[in-house]
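Worksheet: the structure to be examined is printed underneath.
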Amino acid sequence: MALSDSRPPGHTPAPMDLPLKAGLARLTHGVSPASVAGAYADWFTHLLVSPSRQAELVADALRKGLLWAQYAPQAWRGDCVRCVEPAPQDKRFSPQEWNMLPFSAMAQAFLLQDQWWTGAMTGVRGVSRHHEDVAAFTTRQWLDMWSPSNFPISNPQVLKETLATGGANLANGFANWSRDAMAVLTEGKPRGVEAFLPGKGVALTPGKVVFRNRLIELIQYEPATAKVDAEPVLIVPSWIMKYYILDLTPADSLVRYLVDQGHSVFMVSWKNPDGQDRDLGLDDYLELGVMAALKAVGELRPGAGIHAAGYCLGGTLLAMAAADLGARPRTPLKTVSLLAAQVDFHEPGELGLFIDESQIAFLEDLMAGRGYLDGRQMAGAFALINSKDLVWSKLVHEYLMGAQTPMTALRAWNADATRMPARMHSEYLRRLYLHNDLAEGRYMAGSRAISLADIKVPMFVVATERDHVSPWTSVYKIHRLTRAPVSFVLTSGGHNVGIVNPPSGAAAHPRASYHFATHAHGRAPADPQDWLQGAPPVAGSWWPCWHAWLHEQSTGLTKAVPVAGLRSAGRLSAAPGTYVHQG
């Protein structure tokens, strides 16, 4: 198969540069220093030639200083009103201990400073939107680092715990930090993940591997009912994650739920690539991944249409395949479901902070040595996006308070990182994120032009309310890009928790809800907020809604038959297969 190269001329990494850039990448978690420096240079030079904006910022600083100067003496008398309130999602200063002096004064000073810097980094005329976002984001990271909640001497909760335990919390915190630091230095796994290994603690739904090539294993799950819907369900997860997020424990497994409802389910399990796979491109993932899986399912269930579903970037890849197949005389697809998946990357959310020419070139240089991007670098980017919850709250809870956060199936899955081949990662960043070729009709798969307007089969599209990876307003754009009737769901939760959303049992979210509406092609409101106003909320998980929709789109029931899997070394290859164990 011919491998395409989307990198423009002059973008081949120079060997002399690689050691320096690899060292920088380790210090910056893969973030390009040049990209950040360029953003600040843009902001600072425009601020220098804007004396009016400088005057506004000076006046705002004086005003905030006076507010704090009034607050501090009043706080000693106990009759003060806070001069600034933290954002609703900021829980750092919500415990009662922060209401006592001098800690309340420190918290107010920090929040006023945070508010001033947030204003200072925005609204400077002439600064590009991307540079403004990058500079504001980076400044927020620095401010969060210096929050008084992060230091033992200025955190009243830590001081209280230290006095109560005689310093045992700090000793336990140092032990926690030492274990975590050793795991990082030795490229080991976090403590507790051994209880959630695939096939033992997670990925337990019975099934067998029925197809394998150099890039995927295809798992077919054993039926749990005497009859199943005639059309099978094929799920394509993202290649940047292990598939078993959709088959965690029996209590929160989407796969098990679908099987129990009478669906015949197939799952793609991606190989974890290494340096030998450096030249695999996005077209290879399309052909060896989605297209090969569709062909295998079609051979196992001849004559049956396929309900294809894709999660995250797996959904993007599935949309490409559906558009390609939709342009042909016949398509094997009965329906297409996209779960937290974008096809238009013009507004990719906070991940867009890491997408520009400088950043992509930096990553290409980083990948040139090994031939792949280590999954921990991707995890570092996600941690930066949500640093309050993933970095600083852990510092306080585990390293200062000395507590231990129990390992869960979802946290163990999140630690089971995957790698990305150098060529594929470069292509999808450039072609999808940077240039938005898919949505704008320029994407070529080999010699074939891909047009999303060729998707005409019914679609079920799920977005989540608090998604940093695939913002729901971006996912909503699917309505105007295809010619399909779209059933759109907006569910509570984020990119992972909103999708892993069981309807009952101990793992069910008590406050889960979703909005749902179906529109024919061209009939959905152009503004997603108008759609939201017209789609009433429904309490509970969206899973039963999807099951009912799939069942309605099916042509009837057929007798369930046991799965006949592949044989390896004389034995049947049982789920979860072998690729999922590749570290």
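Only one of Asn172, Asn155 is open to solvent by 50 Å² or more (accessible area, probe 1.4 Å), touching a residue at least 24 places away in the same chain (Cβ under 8 Å) and among the polar types (S, T, N, Q). Can you tell me which? First the steps, then the outcome.
Values: Asn155 fails: open to solvent by 50 Å² or more (accessible area, probe 1.4 Å).
Just a single option satisfies the conditions, and that option is Asn172.
Within the stretch 306-362, the set of residues being out of contact with any strand residue (DSSP E or B) (no Cβ under 7 Å at 6 or more places or on another chain), of a type in the set (Gly, Ala, Ser) and not in a helix (DSSP H, G or I) comprises just one member, Ala327.
Restricting attention to the stretch 451-497, and to residues there that are β-branched (Val, Ile, Thr) and modelled with pLDDT under 95, which single residue is surrounded by the fewest Cβ atoms within 10 Å (Cβ to Cβ)? Filtering the stretch 451-497 for residues that are β-branched (Val, Ile, Thr) and modelled with pLDDT under 95, the one surrounded by the fewest Cβ atoms within 10 Å (Cβ to Cβ) comes out as Val497. Taking the stretch 193-212 as the range and being without any contact (Cβ under 8 Å) to a residue 24 or more places away in the chain and surrounded by 20 or more Cβ atoms within 10 Å (Cβ to Cβ) as the test, no residue passes. Taken over the stretch 379-397, the criterion of being aliphatic (A, V, I, L, M) and either open to solvent by 30 Å² or more (accessible area, probe 1.4 Å) or modelled with pLDDT of 85 or more (or both) is satisfied by Ala379, Leu384, Leu390, Val391, Leu395, Val396. Among the residues making up the stretch 180-192, a single one is basic (Lys, Arg) and either at pLDDT 85 or above or open to solvent by 100 Å² or more (accessible area, probe 1.4 Å) (or both): Lys189. Scanning the stretch 523-555 for residues that are in contact (Cβ under 8 Å) with a residue 40 or more places away in the chain, more than 25 Å from the chain's Cα centre (by Cα) and open to solvent by 30 Å² or more (accessible area, probe 1.4 Å) returns Ala526, His551, Gln553, Thr555. Here Pro88 clears all of (1) exposed (fewer than 14 other Cβ atoms within 10 Å of the Cβ); (2) farther than 30 Å from Phe345 by Cα; (3) not hydrophobic (A, V, I, L, M, F, W, C) except the condition numbered (2). Looking at this structure, is Phe93 under 28 Å from the mean Cα position of the chain (by Cα), surrounded by 18 or more Cβ atoms within 10 Å (Cβ to Cβ) and among the aromatic types (Phe, Trp, Tyr)? Judged against the criteria, Phe93 is a match.
Which ones in the stretch 509-520 are surrounded by 15 or more Cβ atoms within 10 Å (Cβ to Cβ) and either modelled with pLDDT under 95 or charged (D, E, K, R) (or both)?
His509, the sole residue that qualifies.
Residue-by-condition table, conditions (1) more than 30 Å from Cys545 (Cβ to Cβ); (2) outside any strand (DSSP E or B):
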residue: Met407; (1), (2): yes, yes
residue: Ala417; (1), (2): yes, yes
residue: Leu438; (1), (2): no, yes
residue: Phe460; (1), (2): no, no
residue: Arg466; (1), (2): no, yes
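Note on the stretch 191-213: residues that are within 21 Å of Tyr257 (Cβ to Cβ) and assigned to a loop (DSSP other than H, G, I, E, B) amount to 7.
If you go through the stretch 233-246 one residue at a time, do you hit one that is assigned to a strand (DSSP E or B), open to solvent by less than 10 Å² (accessible area, probe 1.4 Å) and of a type outside the set (A, V, I, L, M)?
Filtering the stretch 233-246 for residues assigned to a strand (DSSP E or B) gives 233-236.
Checking the rest, the ones that are also open to solvent by less than 10 Å² (accessible area, probe 1.4 Å) come to 233-236.
Applying the additional criterion that residues be of a type outside the set (A, V, I, L, M) yields none.
Scanning the stretch 233-246, I find no residue that is assigned to a strand (DSSP E or B), open to solvent by less than 10 Å² (accessible area, probe 1.4 Å) and of a type outside the set (A, V, I, L, M), so the answer is no.
Listed here are the helices (runs of 4 or more DSSP H) enclosed by the stretch 83-180 that have at least 1 residues being within 30 Å of Glu357 (Cβ to Cβ) and not basic (Lys, Arg): 103-120, 129-145.
The set of residues from the stretch 47-60 being open to solvent by less than 50 Å² (accessible area, probe 1.4 Å) and either in a helix (DSSP H, G or I) or free of Cβ contacts under 8 Å to residues at least 12 places away in the same chain (or both) comprises Leu47, Arg53, Leu57, Ala59, Asp60. Determine whether Gly303 is surrounded by fewer than 24 Cβ atoms within 10 Å (Cβ to Cβ), modelled with pLDDT of 95 or more and in a loop (DSSP other than H, G, I, E, B). Criteria not met by Gly303.
The values are calculated or read from the model by the stated rules, or taken from the named source; none is laboratory data. The shown structure was predicted, so the numbers you read here are calculated from the model rather than taken from an experiment. All Cβ positions, even for glycine, are placed from backbone atoms using ideal geometry, and neighbour counts span all protein chains on display. In case anyone asks, the SASA skips ligands and DNA or RNA and just uses the protein heavy atoms, side chains included. Shrake-Rupley method; radii C 1.70, N 1.55, O 1.52, S 1.80 Å.
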